[in-house]
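Okay, so here's the structure we're looking at.
The values are calculated or read from the model by the stated rules, or taken from the named source; none is laboratory data. This one's a predicted model, so the numbers in the text were calculated from it and none came from an experiment. Here the Cβ positions follow ideal geometry from the backbone for every residue, glycine too, while neighbour counts run over all protein chains shown.
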């Protein structure tokens, strides 16, 4: 077998893809560092995707300015302007649908999404969460991990369901919890792995290698445990 043929069967050397770039809509409530990781990967040529819109529930979210600086349409909607969470989500996702995304990435989006909005886009919405799900859902995950005395912590990317951080887990990155850690030092260690985890997961989703079938994640058509990000920032 030739070297080129051998590489074509190795996931580290994906076969060139002639399909259009994956269209991504991002949701963010804060500084948007995960959004920036996606933008940097796209600009660097390592992610065949295009961020076509950034949306937020907070008008002053730094993520919106990151988008505008990159020439990407950015829009915020205030939940207080709507009578219910469902009404807010309906308006938000109407705006998202206008940019015709293939994939919707919750990159630091701090609101639960109502069932109707999720069900209409099943398998097309993902979220990154700073813990090894199903452990430590919700907020303050790093302190939760320290309080629990675990030896290992990390981040997870999962498909979004109406349940808080409850959707099927696609991929994870693990870090050790070290003696003397506090929530800030542990958060910084997780963040270093969180960004490449999101980029690698989106890369595989954009290549149609990951899908949601029933309630299970399939990778290359086969259901299995979550993918694990290796030290070389590729899936093991």
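In this structure, residue 126 does not qualify as crowded, with 21+ Cβ neighbours inside 10 Å and assigned to a loop (DSSP other than H, G, I, E, B).
Looking only at the range 74-92, filter to residues that are outside any helix (DSSP H, G or I) and touching a helix residue (DSSP H, G or I) at 6+ places or on another chain (Cβ under 7 Å); which one of those is farthest from residue 35 (Cα to Cα)? So the residue we want is 82. For the range 19-43, the set of residues classified as touching a residue at least 24 places away in the same chain (Cβ under 8 Å) and in a helix (DSSP H, G or I) consists of 33, 34, 35, 36, 37, 38, 39, 41, listed by residue number. Taking the listed residues 117, 135, 95, the one that is in contact with a strand residue (DSSP E or B) (Cβ under 9 Å, 6 or more places away or on another chain), free of Cβ contacts under 8 Å to residues at least 24 places away in the same chain, within 29 Å of residue 209 (Cα to Cα) and not in a strand (DSSP E or B) is 135, with no other qualifying. Taking (1) at pLDDT 95 or above; (2) surrounded by 11 or more Cβ atoms within 10 Å (Cβ to Cβ) in turn, residue 7 satisfies each apart from (1). In the range 98-108, what residues are over 14 Å from residue 161 (Cβ atoms) and not in a helix (DSSP H, G or I)? Across the range 98-108, the qualifying residues are 99, 100, 101, 102, 103, 105, 107, 108. Evaluation of residue 46 against the conditions (1) surrounded by fewer than 16 Cβ atoms within 10 Å (Cβ to Cβ); (2) assigned to a helix (DSSP H, G or I); (3) touching a residue at least 60 places away in the same chain (Cβ under 8 Å) shows that the sole unmet condition is (2).
Reported count of residues in the range 164-202, each being touching a helix residue (DSSP H, G or I) at 6+ places or on another chain (Cβ under 7 Å), free of Cβ contacts under 8 Å to residues at least 24 places away in the same chain and part of a helix (DSSP H, G or I), is 0.
Within the option set 142, 153, being buried (at least 19 other Cβ atoms within 10 Å of the Cβ) and either at pLDDT below 95 or in a strand (DSSP E or B) (or both) holds for one residue only, 153. Among the residues of the range 50-71, not a single one is farther than 25 Å from residue 197 by Cα, crowded, with 22+ Cβ neighbours inside 10 Å and more than 15 Å from the chain's Cα centre (by Cα).
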